[in-house]
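To start, the structure under review is shown below, and the notes come after it.
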Amino acid sequence: MSESKLAAPQMVIDSRMLYSSWVPADPTAAAALLPDGIRPAENKAIYMNQYVVDKPEQTSGFGAYSLTYLGLDLADHTTPDGASPARFFTHYVNSSETVRRYVRERGVPASPGATTLELHGRELVATTSVDGVPIIRTTALVGNKIGVVARGHLAYVTKVDGRLVAGNYPYIADMADPYELLAVEFLAKDHPVYALRPGSPIQVVKSASWYSPRSSFVYPGGERDLF
């Protein structure tokens, strides 16, 4: 199947996923990354997802890839069930040109890069690199038990041909227990993503921070104009 013929939506199963959220060191700089028409959530939260799809057999067409994406939680817009804020992509660092081409057509600011998740005992380290240079490193403590199987939708907003578009992303994820986010380090001051760095000490948004050794989702579905 050629890259241009990938059908929507695409399915991914059993990815290894570290999701984290925090209050930025500079909320004004972070908010400046949003387009007109949307604004940050009241708590100013930043979200980030670092994940790895190890095998082509885990996807309906993407193949194996790794990804880090991040951005801002939004005010006034939520997931379909109202349980979580909608979120805007500001950065999307992906190892696969197949995936990058697919998401660019949907307004996602995709660029090349790689993500690794390394588990040593209970310590999990996720590293995002661009041109072989690490730009973000996240460290967490994770358990080997599954505390709950989470399911529902996330909603991500992009800008397509001048329109703000929200896509619904249904997911099912095994959540590791216990879990503790220890650190999120932004390592490259000259990279645009640095505007989203956490304050010191980090203020973690615990409700949106977790690790899943097996997370499955559809990418995306139910797209609609935001206004």
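Structure notes:
- With respect to being in contact (Cβ under 8 Å) with a residue 12 or more places away in the chain, surrounded by fewer than 19 Cβ atoms within 10 Å (Cβ to Cβ) and more than 14 Å from the chain's Cα centre (by Cα), GLU42 fits the description.
- Sole exception among (1) free of Cβ contacts under 8 Å to residues at least 60 places away in the same chain; (2) hydrophobic (A, V, I, L, M, F, W, C); (3) in contact with a His (Cβ under 9 Å, 6 or more places away or on another chain) for VAL53, by number: (3)
- Selection from region 154-163 of residues that are open to solvent by 20 Å² or more (accessible area, probe 1.4 Å) and on the phi < 0 side of the Ramachandran plot: LEU154, LYS159, VAL160, ARG163
- The condition of being of a type in the set (D, E, K, R), modelled with pLDDT of 95 or more and exposed (fewer than 14 other Cβ atoms within 10 Å of the Cβ) holds for only one of ARG87, ARG151, ARG137, ARG100, that being ARG151.
- Members of region 103-112 that are within 17 Å of ASP161 (Cα to Cα) and open to solvent by 40 Å² or more (accessible area, probe 1.4 Å): ARG104, GLU105, ARG106, PRO109
- Among all positions in region 138-159, there is at least one residue which is within 24 Å of PRO27 (Cα to Cα) and without any contact (Cβ under 8 Å) to a residue 60 or more places away in the chain.
- Looking across region 57-91, the residues that are over 17 Å from the mean Cα position of the chain (by Cα) and within 17 Å of PRO40 (Cβ to Cβ) come down to ALA75, ASP76, HIS77.
- Qualifying residue in region 140-153 (condition: closer than 21 Å to VAL93 by Cβ and of a type outside the set (A, V, I, L, M, F, W, C)): no
- Test result for THR116, touching a strand residue (DSSP E or B) at 6+ places or on another chain (Cβ under 6 Å) and of a type outside the set (D, E, K, R): yes
- Every listed requirement among (1) crowded, with 17+ Cβ neighbours inside 10 Å; (2) modelled with pLDDT of 95 or more; (3) closer than 22 Å to ALA8 by Cβ is met by MET48 save one, (3).
- Top-ranked residue of region 119-134 - restricted to ones that are under 14 Å from SER66 (Cα atoms) and among the aliphatic types (A, V, I, L, M), ranked as least open to solvent (accessible area, probe 1.4 Å): ALA126
- Applying a threshold of 8 Å to beta carbon distances and a minimum spacing of six or more residues, or different chains, the list of pairs starting in region 26-38 at a residue that is within 19 Å of VAL108 (Cβ to Cβ) and ending at one that is hydroxyl-bearing (Ser, Thr, Tyr) and at pLDDT 95 or above reads LEU33/THR90; LEU34/THR90.
- Looking across region 131-161, the residues that are of a type in the set (D, E, K, R) and out of contact with any Pro (no Cβ under 6 Å at 6 or more places or on another chain) come down to ASP131, ARG137, LYS145, ARG151, ASP161.
- Matching entry among GLY199, GLY167 (being surrounded by fewer than 16 Cβ atoms within 10 Å (Cβ to Cβ) and touching a residue at least 60 places away in the same chain (Cβ under 8 Å)): GLY199
- Sole exception among (1) over 15 Å from ALA208 (Cβ atoms); (2) polar (S, T, N, Q); (3) touching a residue at least 60 places away in the same chain (Cβ under 8 Å) for THR78, by number: (1)
The values are calculated or read from the model by the stated rules, or taken from the named source; none is laboratory data. Everything quoted here is computed from the prediction, not taken from an experiment. Every residue, glycine among them, receives a Cβ derived from its backbone with ideal geometry; neighbour counts consider all protein chains shown. These accessible areas exclude ligands, DNA and RNA; they are computed on the full protein's heavy atoms, side chains included. Shrake-Rupley method; radii C 1.70, N 1.55, O 1.52, S 1.80 Å.
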